[in-house]
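The values are calculated or read from the model by the stated rules, or taken from the named source; none is laboratory data. Quick caveat: nothing in here was measured; it's all calculated off a predicted structure. We place every Cβ from the backbone using ideal geometry, glycine too, and count neighbours over all the protein chains shown. All accessible areas refer to the heavy atoms of the entire protein, side chains included, with ligands and DNA or RNA removed. Shrake-Rupley method; radii C 1.70, N 1.55, O 1.52, S 1.80 Å.
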Amino acid sequence: METSNGFEIKNLLDEVLLENIYGEIGGLLLSKGTKVTEKHLLLLQKHRLYKKKQEKVPVQQFEQLVDEVKLNMDHLRNLIQSGEGPATEDIDGTVETFSTLLEEMLHTHYLVEFIHLLRGYNHSMYCHSINVGLLAGMIGRILGFPHEVNHILGQMGFLHDIGKLNIEAGILNKPTKLSAEEYAEMKKHPIYGYQILKKNKNINRFVLLGTLLHHERLDGTGYPFGLEEGQLPFCVQILAVADTYEAMTAKRAYSRGKSPLHVVEELKKEAFQGKLNAVIILPFIDYIMRQMLNQEVLLNNGQLGKVIYYFEGHPTKPLILVDNQCIDLRKRKDLFII
Ligand SMILES: [Fe+2]
């Protein structure tokens, strides 16, 4: 069997690996220095392989695209708030810019890291829209959907909150708790978004549905209609997971526990409570955790550690390597990842 990078797996038997081998979506399969056995070969055959992890594209290269998307969204906001409304080509142009960014991101393996970096310097709605779009597209990829479907998922995520451009800035950016009337107005943003987009003949119908239904929940507790599982398209359920994960990450950016591992625990709760679909959440969590393998994490005592193993059911308490010592965080109540 030959891998996508053109090296023969069988030739690796008894070899000592000179570099790490990664799976298709970036998880480490075998570390540099491992002597390859028959068992390892079986593992490798189950995966499409990458001889080495794809080079990271510098964040600065993405920043330019992100800035372009923001400029486009500013233009949309002005059109919407002036009452003129965006023309088809205004929305199409904005989506096109985003799609370029998504295309780049779908070929990299560090989405989780990127999202946290972007969130680190930007807290706007633009940042949320971009992140949710990238996440939705990536979840599609994790679930094995075709590339075109992942792009539609990306557009769904990117445009899902467009109705918020119709909400007064005083409500949208209010730093304190919204009053009952303000909250009721805020909850209209899926309807506003649907109204903005439905005039555009080029908009995919799932993008329209995503905008209208992204706050619906499987147990019927969502809004604006209180629909239930059987009434919600699967792609809208993916969007709801991406949106929820991004919102949790944003909330975390201001408080203790910035590591994506903490968000994983919260996200799991949503699945157990029957609000979001576990069929989507579990592979997504698996992806995030594999992305975190070999990554540095900061401990509450100021030390840096490297995640080397996850124990099932304990995403925030992995085995970590600190100063060449293995520490099982499940057993150390005094230490935690922040
Ligand atoms: Fe929303």
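Some notes on this structure:
- Filtering region 150-192 to residues that are aromatic (F, W, Y) and within 11 Å of the ligand (Cβ to nearest atom) leaves only Y192.
- Here region 132-149 is the region considered, the condition is being in contact with a Phe, Trp or Tyr (Cβ under 6 Å, 6 or more places away or on another chain) and away from the ligand (no atom under 16 Å from the Cβ), and the residue that is most open to solvent (accessible area, probe 1.4 Å) is I142.
- Hits in region 81-96 (condition: surrounded by 19 or more Cβ atoms within 10 Å (Cβ to Cβ) and at pLDDT below 85): P86
- Restricting region 197-236 to residues that are open to solvent by less than 20 Å² (accessible area, probe 1.4 Å) and in a helix (DSSP H, G or I), the residue that is modelled with the lowest pLDDT: L197
- Checking G274 against (1) more than 26 Å from L209 (Cβ to Cβ); (2) outside any helix (DSSP H, G or I), the condition it does not meet: (1)
- Across region 270-286, not a single residue is classified as more than 18 Å from Y245 (Cβ to Cβ) and in contact with a Leu (Cβ under 8 Å, 6 or more places away or on another chain).
- With respect to (1) open to solvent by 40 Å² or more (accessible area, probe 1.4 Å); (2) of a type in the set (G, A, S); (3) closer than 13 Å to G157 by Cα, the lone exception for A184 is condition (3).
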